[in-house]
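Here is the structure we will look at.
The values are calculated or read from the model by the stated rules, or taken from the named source; none is laboratory data. Note that the structure is a prediction, hence the values are computed from the model and not measured. Cβ placement follows ideal geometry from the backbone for every residue including glycine, while neighbour counts extend to all protein chains displayed. These accessible areas exclude ligands, DNA and RNA; they are computed on the full protein's heavy atoms, side chains included. Shrake-Rupley method; radii C 1.70, N 1.55, O 1.52, S 1.80 Å.
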Amino acid sequence: MNWSNWIYLGAGIALGMVFGRLFVRWLRPPQASSNFSSSSSPVAPLAQEDMPPISQQLQQMELAYQMAREMSQFKAGFLARTTHELRSPLNGLIGLHQLILSDLCEDPAEEREFIAQAQERTLKLLKLMDEILSVARIEHGTNKLNIQPRPLAQILEEVYNLTYMLAANRNFPLQLLPADPEIYVLVDYLWLRQILISLIDTAITQMEEGSICISTSTVPTSNFVNIWLDVPTHAILWSEPIDLIKSEDHLTQIDQKKAAFSPGMRLLMNQILVEVMGGKLEILPLTIAKEPPQQLTRLQISIPLVIPEADLL
């Protein structure tokens, strides 16, 4: 190899090294830029896009906490009311047994009569406990409801046929404004019928005068239908004691021989059943423009509607 070849070889090596360094420098900025973008660019979208979902989650958690707190207070009230309701008939049983154990019966026949009364009240108390357990199991989900589409007009007609004689026997007019036959609701048919009958029967029991009107109302922007029971204001107890644990141990207005639930307890149980079916039971004041104005109480039961398939398209 002559000297010219060595020159060409040296020049080629030098040029190769120069171009190699330039090529490496040319590659480094895109690599650094890509590293920066891979480490920094995701941060900005997270800050801009993920913050609203986080804020929404915090709001949902706060709302869930408030709902859980209210439900806890509601459960505590239900437990206090339940124990109070069951304690009243138990007091009657204890009294009968004390008479027998204290030898205060005049003869064996009277003692046997007291035992028979205690047995009768025990069976009625057991029936009350079964009702409470039934509602509790439905609320807990142990007993499943049979939720099916049902025509609302048919349900109200059956309720009217089963209750109008109760009102007529006490000279209280019971009026039913027919519902639209095209309205279908998602309910457990038997339980909704029983709830309406229970509310009407409770109102009739508490009424002194007046009438009861059954009607319905639908809101175009809502997927619920409202069932209205308009009753006299005095037929619904607004001021039953809430803090029953601290209340004095005295006999309530319940007939001890009947051992029936108080109107407030019955209303509370019906409210639980309506909520399990996806509805709501509310007590609303109502004033009818008359001379003089008539004050009524409206029991409003909101029940989910069956949405036609055409509306879903």
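For this structure, a couple of remarks:
- Residues in region 101-110 that are farther than 20 Å from Asn91 by Cβ and open to solvent by less than 90 Å² (accessible area, probe 1.4 Å) were compared, and the one that is farthest from the chain's Cα centre (by Cα) is Asp107.
- Counting the residues of region 145-186 that are part of a strand (DSSP E or B) and open to solvent by less than 80 Å² (accessible area, probe 1.4 Å) gives 7.
- In region 239-257, the count of residues that are open to solvent by 20 Å² or more (accessible area, probe 1.4 Å) and modelled with pLDDT of 95 or more is zero.
- Check on Ile138, surrounded by 17 or more Cβ atoms within 10 Å (Cβ to Cβ) and farther than 18 Å from Trp228 by Cα: yes
- Residue that is modelled with the lowest pLDDT, among those in region 258-287 that are in a loop (DSSP other than H, G, I, E, B) and not hydrophobic (A, V, I, L, M, F, W, C): Lys258
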